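Laboratory data are not the source of any read-out in this text; all were calculated from the coordinates shown. The structure displayed is predicted, hence computed values, not measured ones. Neighbour counts run over all protein chains shown; Cβ positions are idealised from the backbone, glycine included.
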Amino acid sequence: MKILVLNSGSSSIKFQLFNAKTNESLVAGIIEQIGEKLSHAKIKYGDKELERNIAIPNHKEGLEIMNSLLIESKIIKDLCEVDGIGHRVVHGGEEFSKPVIINENVIKQIEKLIPLAPLHNPANLEGIKSSIEHCPNVPQVAVFDTAFHSSIPPHAYMYALPYETYEKDGVRRYGFHGTSHHFIAKEAAKYLNIDEDKLNAITLHLGNGASMSAVKNGRSIDTSMGLTPLEGLIMGTRCGDIDPAIIFYLARVEGLSIDELDSMLNKKSGLKGICGNNDMREVGEMAKNGDEKAKLALEMFSYRIKKYIGSYSAVLGRVDCLIFTGGIGENDIDVRKNSCSGLENLGISLDLEANNQRAKEILEINKKESRVKVLVIPTNEELEIALQVKSMI
Ligand code: AMP
């Protein structure tokens, strides 16, 4: 059984093909700069690579190029021979709490959710429509980033705004990175030999975008991202939690428009806003070389995480494990150390030597006596999507 996973952005398609019996990745690739004068397509399989540099005007032709590369690799004879295609969809609103087989009605519902994810859902739909056109007979499944968080109860997902903003405009916490939070929680349950529906965990997905979740009995009961992926932790270019009155204040004293403020909070804030760089590796280097703003950015980044660990410990009562993942969570020894320092009274004690490595597979980095296990688990959102597609077809 072969399952293709597509992650369609506005000018790119990332894809990965799995053998769904063995969970082995057969080939991975990306088509970039779709719609530009020169586009770039690349696939990797084993230690081999194939590339094309030509103009690819739209997602449909992108899939055709992908198909010709896959045929050339001899991994499959045609894209449409796969058993199922999984699509990552960022926003499923309140409508989708599980993956669904895509039909006309599902497409209409995803279209209705565009105001909640104006950058992502249209691009995801572009990929879905092109893929259906290309392979009309292959089952296509939508897997939503928000779905894992559909178990969050109202007292955690409501904002204390006039109730009609929820009823009329859908203003509430939805949460994102759900596929990743779910995947690492399941992996942790297996590793700790705890039934998945009994696991209590705090999951930390720390990448360019970053979010945390409180997982109780295997289900998300709170998460740091909100209506949009702007709330919560400090990120590469996003501010995370701020006093909302800052927006009115800046509009008044600086005369900034809504669009300018949107761009400031989403693209010019976070690590980049504080020290001018959004790449954690480079921020770490800058701090080592004495850059005071980079040091401050790092302190702020871990301090925010620590505050969320504290609040999610309170919300969960019993915590079995803390799980780090994402580019930063899997690799950044200092972020893990600083985020967990001084948390012994919450039962969290890091073993600094065990922490002193990057994760290629599951790492346990707590001291033996630590009541809460601290794990580093490489995320694999594509595999999780493939597994969900498999369960649907
Ligand atoms: P992601 O969005 O999950 O791909 O993560 C991207 C972030 O991970 C960037 O801020 C990178 O600088 C960071 N990152 C990747 N590798 C490392 C590393 N070896 N050490 C520290 N940060 C890393």
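Using only helices, what value at 222 nm comes out for the chain when you add -39,500 (n - 2.57) per DSSP H run of length 4 or more and divide by the total residues, to the nearest 500 deg cm²/dmol?
-11500 deg cm²/dmol
One decimal place: the segment residue 81-residue 252 gains 55.7 nm when fully extended, by the rule 0.36 nm per residue minus the C-alpha distance. For region 92-208, the Kirkwood estimate of the hydrodynamic radius, built from every pair of different alpha carbons, is 16.2 Å.
Both radii come from the Cα set of region 289-353: Rg as radius of gyration, Rh as Kirkwood radius; their ratio Rg/Rh reads 0.99. Charged neighbours of residue 332, selected by a Cβ distance under 11 Å, balance to +2 (K, R count +1; D, E count -1).
Using the Stokes-Einstein relation with a Kirkwood hydrodynamic radius computed over Cα pairs, the translational diffusion coefficient of region 1-157 at 37 °C and a viscosity of 0.692 mPa s comes to 203 µm²/s. By the Cβ rule of 4.7 Å, the chain holds the following cysteines without a possible disulfide partner: 239, 275, 321, 340. Put simply, the amide H of residue 371, placed in the peptide plane, has neighbours under 5 Å in 349, leaving out anything fewer than 5 places away on its chain.
Amide H contacts under 5 Å for residue 208: 327, restricted to partners 5 or more places along the chain or on a different chain, H placed in the peptide plane at 1.01 Å from N. One Cα centroid belongs to region 221-284, the other to region 298-373; the line between them spans 24 Å. Counting every other Cβ atom within 10 Å of each residue's Cβ, 182, 155 order from fewest to most as 155, 182. Here residue 74 is the anchor, and the aspartates and glutamates within straight C-alpha reach of less than 18 Å, apart from those fewer than 8 places off in the same chain, are 24, 47, 49, 51, 64, 83.
Taking the Cα centre of each part, how many Å lie between region 61-93 and region 377-393? What the calculation gives is 16 Å, centre to centre.
Legend: P(r) of region 169-265 from all alpha carbon pair distances, 10 Å bins from 0, whole percents, reading 15, 37, 27, 13, 6, 1. Each Lys or Arg adds one and each Asp or Glu takes one away; over the other residues whose Cβ falls under 13 Å from the Cβ of residue 66, this sums to -1. Of 185, 359, 201, the residue with the greatest mean-square motion in the GNM of the chain, using alpha carbon springs below 10 Å, is 359. Placing a label point 7 Å from the Cα of residue 364 along the Cα-to-Cβ line, the residues of region 149-188 whose backbone N sits under 13 Å from it are 188. Computed 3J(HN,Hα) for region 361-366, one whole-Hz value per residue from the Karplus formula 6.51 cos²θ - 1.76 cosθ + 1.60 where θ = phi - 60°, is 9, 5, 10, 10, 10, 8, glycine and proline marked x. Along its three principal directions, the equivalent ellipsoid of the chain from the Cα gyration tensor extends over semi-axes of 33, 26, 23 Å, largest first. The length gained by stretching the chain between residue 197 and residue 289 to full extension, at 0.36 nm per residue less their Cα-Cα distance, is 28.5 nm. Annotation: amide H-H contacts under 5 Å for residue 223 (H modelled 1.01 Å from N, sequence separation of 5 or more, or interchain): 214. Compared with the alpha-carbon gap, the fully stretched path from residue 311 to residue 344 is longer by 10.4 nm at 0.36 nm per residue.
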